[in-house]
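The values are calculated or read from the model by the stated rules, or taken from the named source; none is laboratory data. The structure presented is a predicted model; accordingly, all values stated were derived computationally and were not measured. In this analysis, Cβ positions are derived from the backbone assuming ideal geometry, glycine residues included, and neighbour counts consider all displayed protein chains. For the accessible areas, the whole protein counts, side chains as well, though only heavy atoms, and no ligand, DNA or RNA atoms are used. Shrake-Rupley method; radii C 1.70, N 1.55, O 1.52, S 1.80 Å.
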Amino acid sequence: MKSYKIGIDTGGTYTDAVVFDPVDKKVLKSVKALTSHGRLELGIVSALKDLFQDKKAVYRVSDIGLVSLSTTLATNSLVEKKGTDPGVVLIGFSDDMEQRSHLKDLVSQERILRIPGGHRYDGSEKNPLNLKKLQQFLETSGKSLKNFAVASNYSVRNSEHEILAGELIEQVTRGRVSLSSSLTSDLNSPRRAYSATLNAKIQALMEEFVDAVKRAMAELKLEVPLMMVKSDGSIDPVERALDRPIETVASGPAASVIGACSLTGLKDFVISDIGGTTTDTAVVEGGWPLVEKHHAIMQERETSIPSIRVRSYALGGDSEVNPEKEGELEILSRRVVPVSLMAYHYPEVLQNLEAASREMKGLHGAHRYLIKGKEQKKWEALLVREEAELLEMIGDFPVPYHRFSGRARYRAMISRLYEMGVIQISGLTLSDAAHVLGLQDHWSQAAARAGLIICGRWNGMISENPQTLEEELRNYAEKILEQSVKKSTRIILETLSTKTVLEEDPLVEAFLEEDGRLNQLEVQLKSSIPLVAVGGPANTVYPEVGRKLGTETVIPEFASVANAVGAASGSVKITASCEVTNPESKGFLVHHGNRVHSFQDPDQALADAEKLVEQTIRQKVRDMQFECGPIEVEIDKILIPGSDGNQGLVSATLRGETLVELG
């Protein structure tokens, strides 16, 4: 019996799914289903069913050994400020520490409890833990809460107070508890508190989502382990992800990088994943993406959660081309529905677009249509009466934007409804230009052509002369593509250099132009590593980007479903850490969980810390019922300059990891 894997990725437009052969590194089947915003599991259910509809497939349900998800659930929940407000217990926090935790951005003040306790830098107890005050809170204000976050001062030096508080919370409420010291080894207590609160806030949503996916798997008799992609590119059993959903916040970009590694076999490269809304880039060294040990930025605050070092830009196949600048081209950051896609789903729109494209005057905004978004019920309580009335006028089928654009009041409401996601607007995009140039054929080429003619005549790029129409139409589409290539090249330059590349930089501008000259200066820039491009529009843009950068461009087969491949081909990464400190007159202290070991010899302390790291990793692997591979331990030491070996040790952090291949 074969043991294939299913990888699933929920993107902004599509939910992709693949059946992957881990032995031959081969995609056996790929499908796409529309993503249902607000209910991501619907797209997953649809994609899973589509995988098994092909009667000629070489695989059956019984051949599947694992299902792995890359999901935007955590990201969407944080961006849209969804989730359940948890109870937050701060141990040994001062007024200033609570303020620097920024918890009021996440929960109401009555859900935050501060109690005495906490430890010092060396792991010794600073104040006794006041569990009586916590018990009173749980029996009154916290009585109805089911999720909690606990953060204690210096708990990474000694987690005893967090553990005791967590045990009491579980005993009284039977709720889920996020201990900050179990999520991260970050010494910064306010940042740990913020991270733990974010984690607790989205746990209920993740649980609901996972339950729905499991029901879908049960319906298909897929009785196999369910895994989830983490922000660092590794995968975890879903049971662990339920406890630590915050670790999946960069799941999508991480999965695309791992997918690119699997599809290309390359070890060192720069990757660009261009989707409908954004372009995500990262650098891969030695077969693994560069990872930030801390501080993935969410909710405009720093957290303590490790994440792939990814750069995200508002440029995608569905980014709107601004048709209002006469004789100029500008690609906006906002996402719209390509006119070719709108007409593909609603043929009456195509008829109207073609009729409008035959007119020579009065074309202002004739390619723009409005339509209600999905999941209308969740917005009802947020709309004022006039907005609800406007939404009723828009209805369930596309209506021309110009019906409402003549009144400033309507324009303002439409803008707000669009920003909220209540309505969608069609517009001219790179995807439409690609359809005109024959580089894409997913949707309506006729609508793309009509949309470009309307916009081109509006801004003067297409004349009224029918003799030159075809040439001008193609030139307009090529200019849109050229502008997308320039923006994409800037993005790769920033990723490779880790520096901001300004649009007005004359040297960069000269490099981006065809002749590459600035007066008497010839400007050349070259990438030292290959460029791998994945995502739907990759073939449209990136061959030219690679040419400009003087490097090989690799667009692998199944590039459009690289995220799903990454989910299927990921490895489990088991990690553990330990710290050694040298407080004045106390010898060398090894801090691990709620235990502190003391040594007079620094070499013995380091050896004990390394042993604890390895033991912890092996225990985690056993708990997950996996087989443990080689363990690598990295030691970061701070030494007194000029000291003899480790005798001058000030502190050391030991981080260990092992990779577990599945199947």
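Roll a 1.4 Å probe over the protein chains and send me the accessible area per residue for the chain in Å².
On the way: 30040 Å² over 663 residues.
Per-residue value: 45 Å².
Can you give me the Cα centroid spacing of segment 168-208 and segment 630-651 in angstrom?
Distance between centres, Cα-based: 32 Å.
Give me the percent relative contact order of the chain, please, defined on Cα pairs under 8 angstrom at least 6 residues apart. Display every interim value, and only then the final one.
Details: 1413 pairs, mean separation 91.9, N = 663.
Relative contact order here is 14 percent.
Report the local net charge at LYS230: Lys and Arg +1, Asp and Glu -1, summed over other residues whose C-beta lies under 12 Å from its C-beta.
Neighbour charge sum, excluding LYS230 itself: 0.
Sorted by accessible area with a 1.4 angstrom probe, largest first, how do CYS455, CYS261, CYS628 fall? Write out the running numbers ahead of the final one.
Details: CYS455 0, CYS261 25, CYS628 55 Å².
So, going from the largest accessible area down, we get CYS628, CYS261, CYS455.
In terms of solvent-accessible area of protein heavy atoms at a 1.4 angstrom probe, what is the ranking of VAL172, VAL436, highest value first?
Numbers: VAL172 55, VAL436 30 Å².
Final ranking, largest accessible area leading: VAL172, VAL436.
With θ taken as phi - 60° and the coefficients 6.51, -1.76 and 1.60, list the Karplus ³J(HN,Hα) couplings across segment 538-552 in order, rounded to whole Hz; mark glycine and proline as x.
4, 5, 6, 9, 7, x, 6, 4, x, 4, 4, 8, x, 9, 5
Cα axis of helix 408-420 to longest principal axis of the chain: angle in degrees, 0 to 90, nearest 10?
So the helix axis and the longest Cα principal axis differ by about 40 degrees.
With a 1.4 Å probe and all protein chains left in place, how much of the accessible area of segment 206-334 comes from carbon and sulfur atoms, in whole percent?
Whole-percent figure for carbon plus sulfur exposure: 45.
Mind checking the angle between helix 347-357 and the chain's longest principal axis? C-alpha axes, 0 to 90 degrees, to the nearest 10.
60
Pairs to check: LYS201/LYS221; LYS82/LYS104; LYS267/LYS620; LYS56/LYS214. Give those whose C-alpha atoms are more than 23 Å from each other in this structure.
The pairs that break the limit, which is 23 Å between Cα atoms, are LYS201/LYS221; LYS267/LYS620; LYS56/LYS214.
Once the whole set of protein chains is in place, how much accessible area is left on LYS126, using a 1.4 Å probe, in Å² to the nearest 10?
LYS126 has an accessible surface of roughly 110 Å² with all protein chains in place.
Could you compute the net charge surrounding SER256? Neighbours are other residues with a C-beta less than 9 Å from the C-beta of SER256; K and R count +1, D and E count -1.
Working: positive: none; negative: ASP9, ASP273, ASP280.
Within the 9 Å Cβ shell, the charges total -3.
Grab the beta carbon distance between VAL172 and GLU557, set R0 = 60 Å, and tell me the FRET efficiency rounded to 0.05.
0.60
Given a Förster distance of 41 Å, report the FRET efficiency between ASP601 and ASP96 from their Cβ-Cβ distance, rounded to the nearest 0.05.
Result of the calculation: an efficiency of 0.60.
Expressed as a whole number of Å, what is the distance separating the alpha-carbon centroids of segment 389-447 and segment 12-37?
If we compute the Cα centre of each part, the gap is 29 Å.
Identify which of the listed values of volume of the Cα convex hull per residue in Å³ was calculated from the structure shown: (1) 190; (2) 156; (3) 234.
(1)
Counting only protein heavy atoms, what percent of the accessible surface of segment 581-653 is carbon or sulfur at a 1.4 Å probe?
Its accessible area is 45 percent carbon and sulfur atoms.
Under 1.5 on a/c is rounded, so check that first for segment 380-522, then, if it is not, pick prolate when a/b is larger than b/c and oblate when it is not; a ≥ b ≥ c are the square roots of the alpha carbon gyration tensor eigenvalues.
Because a/c hits 1.5 or more and a/b fails to exceed b/c, segment 380-522 counts as oblate.
Net charge within 9 Å of VAL485 by Cβ-Cβ distance, Lys/Arg positive one each and Asp/Glu negative one each, not counting VAL485 itself?
Numbers: positive: LYS486, LYS487, LYS548; negative: GLU482, GLU544.
That sum, taken over residues with Cβ under 9 Å, equals +1.
Need one number: nm distance between label points at GLU125 and LEU518, each 7 Å from Cα along Cα→Cβ, rounded to one decimal.
For GLU125 paired with LEU518, the spin-label model returns 6.5 nm.
Amide H of ILE305 versus every other amide H placed in the peptide plane: which residues, excluding those fewer than 5 positions away on the same chain, fall under 5 Å?
Those lying under 5 Å, H to H, from ILE305 are HIS295, ALA296.
Out of LEU391, ALA450, ALA652, whose Cα points farthest toward the positive end of the dipole of the chain (charges: +1 Lys, Arg; -1 Asp, Glu; placed on Cβ)?
LEU391
Mean residue ellipticity at 222 nm from the helices of the chain, using -39,500 (n - 2.57) per DSSP H segment of n ≥ 4 over the full residue count, to the nearest 500 deg cm²/dmol?
-11500 deg cm²/dmol
Residues with amide H under 5 Å of THR429's amide H, sequence separation 5 or more or different chain, H placed in the peptide plane at 1.01 Å from N; which?
VAL321, VAL339
Quick check: the angle from helix 385-394's long axis to the longest principal axis of the chain, C-alpha only, nearest 10 degrees?
The angle comes out near 50 degrees.
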